[in-house]
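Taking it in order: structure first as structure tokens, then the write-up.
The values are calculated or read from the model by the stated rules, or taken from the named source; none is laboratory data. Predicted model, so just to flag it, every value in this text is computed and none were measured. Cβ coordinates were reconstructed from backbone atoms using ideal geometry, including for glycine residues, and neighbour counts include every protein chain displayed. When the accessible area is computed, the model is the full protein with side chains, heavy atoms only, and any ligands, DNA or RNA have been set aside. Shrake-Rupley method; radii C 1.70, N 1.55, O 1.52, S 1.80 Å.
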Amino acid sequence: MNKQSLTKLELNKVLDRLSRHCATNFGKEQALKIMPVSDEKLVAIRMAETSEARQVLRVKGIPPFGGIKDIRQSLHRSDKGALLLSSELLDISEFLRGSKRLKQFLLRVEADIPQIKEHAQLITILPTLQRVLEKSITDEGEVADRASEKLYSLRQKIKSLQVRVKEKLNSIIRSTETQKLLQDPIVTIRSGRYVVPVKQEYRPRFPGLVHDQSASGATLFIEPMAVVEMNNDLRQQEAAEKKEVEAILRRLTDQVKAYLMELVSSTDAAARLDVIFAKGRLSEVMDAGAPAINHRGNVSLISARHPLIEGHVVPISVYLGRDFHTLLITGPNTGGKTVTLKTVGLLVLMAQCGLHLPAEEGTEVSIFKKVFADIGDEQSIEQSLSTFSSHMTNIINIVQQVDSQTLVLLDEVGAGTDPTEGAALAMGVLEYLHRYGATTIATTHYSELKAYAYSTEGIENASVEFDVATLRPTYRLMIGVPGGSNAFEIASRLGLPSEIVNRSREFLSSEQVKVSDLIQSLEENQRISTHEREKAESLRDQLTEERMRLEEEGIKLENKQAEILRKALAEAEMLVREARREAEHLIREMRQQFSKQLDKSHMEAAETAKTKLFEKEKILEKEQKKYQEKLPGKAPQSFKPGMEVFIPTLNQKGYVLEAADGQDEVLIQAGIMKIKVKKAELRPVKENINQETQKTGIGKLVSAKTSTISPELDLRGVTVEEALDQTGKYLDDAVLAGLNQVRIIHGKGTGALRSAVRELLGGHPQVKEFFLADSRQGGSGATEVKLG
């Protein structure tokens, strides 16, 4: 993929924005190294990954990348035989824990995300190595006492010796005879040995070994002879401890090396997933979508926006590649010609990187093997190149490599020299590019090129609209209409005397005047047709909205009628069943009390009444079936947990929680409610017409919570009472938003706030489990909460 500097620079800026959405350092590195590809299948896979990420982000939120460290350097060091530090082993342990959590999260997503799940499957869960590392390395990155029995024994001995040495030294410094010899009654350490500070003048009266002195020389740090042997023993035990720690680290390093291939594969997969979800987040931020992809040179951008322009951006629509392969854009300066070139070039490269494009649905881009751009003033003082020479150098490089799978973007082609010769040269370049089948967009001010494009098959004129009344460009691209420079109109509006303007017009040839008038007429006709088209589109939108409203009203009416019928049938069924129960009870009593006296006619009458009740019940069952048949659409053939369904009687969507075979009802989660609904009364979501516009109050609340809820709640600085109130509300909001896991930051402090929060979590009905966060995410100062 060949790219000129300006287009490459803008793509790099987009990739820099992409990297900011990555959660890991190695993900950021990969994001910055993304290169456009010209393989259509690979582009389609990359684009599908981004779309799948958008789907997961919408349904489940941001995946848990916490704890996934960059362990590549540590793996490389272990492969070379180096001894890994305990801090490196802690990072590997946290990587194993975090990657396991990420894999399980993605594989549990009940959505069609084959590309993402394929990457997740490449993460290898290593429970044995994880258990060994967690047992051997503390959260602070130190070798744990229980890493080996020998280490535990040595550290116990060291603690015992330290206590004995300190007790002996404390008895020395508390002695009234010794205190006057000391600079301060304290015990300190010098060169790894316990010492006390003794005044210089009392050195002869204090037996021991001098290990250090103060900067002034007034204080000597002396190890009393009474503790020399104990200190020697302590140093020996510490040396043995150090040796045992190194042996443990070597053993752990060897175990890491044994799983090197699996760890490298998991690291690569985690980095790839990080980049994929960063692309999904960038797509959300840009309000972008996946374009259609082709390899035929067809480019059709619909209401496309340049992703690097801040503030209000006027979208452009541009197309070429079907009826024509060369587009020549004319118009005044600052009208948007160069921005159009940059937008087309950047969006084509973004698509070939697998990024969604900030454009409307229906946008299509082609895969190009080469993308060339000659944009901007490339004067080079060092190479003694003028603007014209610089442009020609770039164009020469382009024409030497161009073919039918090339996109060429030329800004002000032929500029910087004599207008007549420049226009002729520009026509020659455009003809050459057109003959070789390149897809070309060029900008110019030359009138000769407008006529050339008009008379040449496969080359189309276009212009950027300019409002002479306001002296401002509208930045709208009009394909099929050549643009004028509007020099006379602008000069007149700015105040140039009309005498000069009129005289200037006289210097134009009759041919030039005709061309100018033709362009103005075309522009006016284009504006009129555009205005009429906009009116027609507005009317069409109004009619569509009205049709949708009527359809919604019809659906609501049908649902209301169905609900009334359902209630009536339910009440009738209840009355019939109650009457049947009373009849059966009466018959039993009659048989028990009057079996001897009751004549046959009375018994037959009772049985006849009972039979009629059964017949009424059967009629009601038929009416219920008719009611179910009248519901819009058809019930799903099968149900499974997690399946999204529509409940017509509630006019609301829900998710299946339980659906046992052989049962007539399923358990549904509808917003915050759990209800049982008959299978025959449920409908697939895809058959629900325009349900996005029919959200209930609960649906709107869930949507609002989903867009505003944070995966973290920071309670630091609030009282216990306030914290409990905030936590309860936050958990309710998190459940409404569909979050599976959140983090509550309570700080370490005295532990009172943490204990209160954990007590609340233990009794909360929506909390599945909770545990302290890993050390990189706050350790004991934060609690991870899984919701269910």
query: In nm, to one decimal, how far is the modelled label at Glu142 from the one at Thr176, with both set 7 Å along Cα→Cβ?
result: 4.0
Extension reserve of the Glu721-Lys768 stretch, reckoned as 0.36 nm per residue once the Cα distance is removed: 14.6 nm
field: Student exercise, region 1-90 dipole from Lys, Arg, Asp, Glu Cβ charges, in Debye to nearest 20
entry: 200
statement: In whole percent, the fraction of accessible protein surface over region 136-230 that belongs to carbon or sulfur atoms, probe radius 1.4 Å, stands at 48
- prompt: So for the pair Ile309, Glu537, with labels modelled 7 Å out along Cα→Cβ, what separation do we get in nm?
  reply: 1.6
query: What list of ³J(HN,Hα) values in whole Hz, one per residue of region 81-93 in order, does the Karplus curve 6.51 cos²θ - 1.76 cosθ + 1.60 (θ = phi - 60°) give from phi, with Gly and Pro shown as x?
result: x, 6, 8, 6, 6, 4, 5, 5, 5, 5, 4, 5, 4
query: Using a Förster distance of 60 Å, how high is the FRET efficiency between Arg435 and Glu246, based on the Cβ-Cβ distance and rounded to 0.05?
result: 0.25
- prompt: What's the extension gain from Asp714 to Leu42 if we count 0.36 nm per residue and subtract their Cα-Cα distance?
  reply: 237.7 nm
query: Just by accessible area at a 1.4 angstrom probe, what is the order of His356, His295 from largest to smallest?
result: His295, His356
task: With θ set to phi - 60°, apply the Karplus curve 6.51 cos²θ - 1.76 cosθ + 1.60 along region 250-263 and write out the HN-Hα couplings as whole Hz, x wherever there is a Gly or Pro.
output: 5, 5, 5, 4, 5, 5, 5, 4, 5, 10, 4, 4, 5, 5
message: Test of understanding: what is the full-extension gain from Ile62 to His211, defined as 0.36 nm times their sequence separation minus their Cα-Cα distance?
response: 47.9 nm
query: Accessible area per residue, 1.4 Å probe, Å², for region 18-109: what's the number?
result: 44
- prompt: In region 395-460, what percent of the accessible surface is made up of carbon and sulfur (1.4 Å probe, ligands and nucleic acids excluded)?
  reply: 52
task: Enumerate the amide H contacts of Asp714 below 5 Å, restricted to partners 5 or more residues apart or on another chain; note that Pro and chain-start residues carry no placed amide H.
output: Ile745
task: Kindly sort His325, His76 by accessible area of their heavy atoms, largest first, with the probe set to 1.4 Å.
output: His76, His325
Accessible area, probe 1.4 Å, largest first, for residues Thr340, Thr420: Thr420, Thr340
statement: Rounded to the nearest 10 Å², the accessible area of Thr783 using a 1.4 Å probe with every protein chain kept is 0
statement: Mean Cβ-within-10 Å packing, highest first, puts peptides 107-116, 24-33 in the order 24-33, 107-116
query: For Ile62, which sequence-distant residues (separation of 5 or more, or a different chain) have an amide H within less than 5 Å of its own amide H, given hydrogens modelled in the peptide plane?
result: none
task: Would you calculate the separation in nanometres between label points at Leu496 and Gln73, each defined as 7 Å from the Cα along the Cα-to-beta-carbon direction?
output: 6.4
task: On the full set of protein chains, 1.4 Å probe, figure out the accessible area of Asp714 and give it in Å² to the nearest 10.
output: 80
- prompt: Any idea of Met548's accessible area? Nearest 10 Å², probe 1.4 Å.
  reply: 50
task: State in Å² the accessible area per residue of region 185-294; use a 1.4 Å probe, count heavy atoms of protein chains only, and round to the nearest integer.
output: 47
task: Assuming a ≥ b ≥ c are the square roots of the Cα gyration tensor eigenvalues, decide whether region 86-128 counts as rounded (a/c under 1.5), prolate (otherwise, with a/b larger than b/c) or oblate.
output: prolate
- line: If R0 = 22 Å, then Met35 and Asp403, at their Cβ-Cβ distance, give a FRET efficiency to the nearest 0.05 of 0.65
